[in-house]
1. Relative to the present Cα-Cα distance, how much length would full extension add between A78 and D110 at 0.36 nm per residue of separation?
2. In region 169-245, which chymotrypsin sites (Phe, Trp or Tyr not before Pro) fall in coil by DSSP and have 15 or fewer other Cβ atoms within 10 Å?
3. Using only the heavy atoms of the protein chains and a 1.4 Å probe, how would D208, D148, D65, D252 rank by accessible area, largest first?
4. Per DSSP H run of at least 4 residues, take -39500 (n - 2.57); add these up for the chain, divide by its residues and hand me the 222 nm value, nearest 500 deg cm²/dmol.
5. Would you report the distance distribution of C-alpha pairs in region 123-219 as whole percents per 5 angstrom bin, up to the bin with the largest distance?
6. Place a point 7 Å from Cα of D148 in the direction of its Cβ. Which residues in region 219-260 have their backbone N less than 20 Å from it?
7. Using a 1.4 Å probe over the heavy atoms of the protein chains, calculate the carbon and sulfur portion of the accessible area of region 1-93 as a whole percent.
8. Amide H of V34 versus every other amide H placed in the peptide plane: which residues, excluding those fewer than 5 positions away on the same chain, fall under 5 Å?
Amino acid sequence: MNLGIEGKWALVCASSKGLGKGCAAALVAEGVNVVVTARGAEALEATAAELRKLGRGEVRAVAGDITTEAGRLAALAACPQVDILVNNAGGPPPGDFRQWDRDAWIKAIDANMLTPIELIKATVDAMAGRGYGRVVNITSSSVKAPIDVLGLSNGARSGLTGFVAGLARTGLAARGVTINGLLPGVFDTDRVRSMGAATAAREGKSIDEVIEGRARAIPAKRLGSAAEFGAICAFLCSVHAAYINGQNVLADGGAYPGTY
Ligand code: NAP
């Protein structure tokens, strides 16, 4: 299927690794020009070089912290126009809410709620002016079913999801702009492996045992891959997804136990 987005420009935040990288790769493979970002310049440049080898869209790399105003301005400046915005940032740490002070909450809300909202604010009116725009917010399955140790994520991402539910149903939709959440269950990325390493140390197991245990609890009996996550993202950004708006699309191998 031709996704019909060749030549468009995408800003894919937090994309030197993991899910963001998967989204950037899927978009570049469709001929989309992509700006990728991350704090660590070395891994980012390596990813940009890898993406360029796909030989399709142009790839620009902007090192910086997307949760800061300077980081966002630099990323936006590198993109001649933003037709597609993939919001992403690092996830908050696990823990017990009794340990989290105001700073911990502000950090989580900044990264997983206010940063995407700032980037949406900076881009959607121009998208609507051109008659085409796609915003995909990478959130989490925790938006549908809370994860006990990830209270910071449950809270901050629900704030973003609630805001977007309203925004997606304003006049932007009639002007070609869709805004959706893409909710990962458990995907095999550095973040999941480093959280697995912490569990392994706590429980005296190997990381592989922990990962296998997580996979057993998923109906698909495996973790998802960044490539398959990216493919869903690219479809949501495509011309074919114009009528999918204001939705929270769960990719979790069937782990969410609800009927709806
Ligand atoms: P990952 O493998 O750790 O990759 C995170 C990427 O984001 C890296 O490229 C990292 O590069 C970049 N990044 C992190 N903080 C950043 C910042 N402040 N500014 C710019 N770039 C930043 O993580 P992931 O598993 O792909 O997860 C991506 C998001 O999805 C996270 O919010 C995570 O909580 C959420 N999520 C993931 C899963 C899963 O199964 N993987 C499930 C639910 C939710 P630098 O560190 O160099 O900046």
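1. Working: separation 32, 0.36 × 32 = 11.52 nm, distance 2.21 nm.
Contour length minus Cα-Cα distance gives 9.3 nm.
2. Loop-located and lightly packed - Y243.
3. My answer, sorted largest first, is D148, D208, D65, D252.
4. Numbers: 9 runs with 109 residues, N = 260.
Mean residue ellipticity, 222 nm, calculated: -13000 deg cm²/dmol.
5. Pairs per bin, as whole percents: 3, 12, 17, 17, 14, 11, 9, 7, 5, 3, 1, 0.
6. 219, 255-258
7. It is 50 percent, rounded to a whole number.
8. Amide H neighbours of V34: A10, E58, V59, R60.
The values are calculated or read from the model by the stated rules, or taken from the named source; none is laboratory data. Everything quoted here is computed from the prediction, not taken from an experiment. No Cβ is skipped: glycine too gets one built from the backbone with ideal geometry, and neighbour counts run over all protein chains shown. Just the protein is used for accessible areas: all its heavy atoms, side chains included, with ligands, DNA and RNA removed. Shrake-Rupley method; radii C 1.70, N 1.55, O 1.52, S 1.80 Å.
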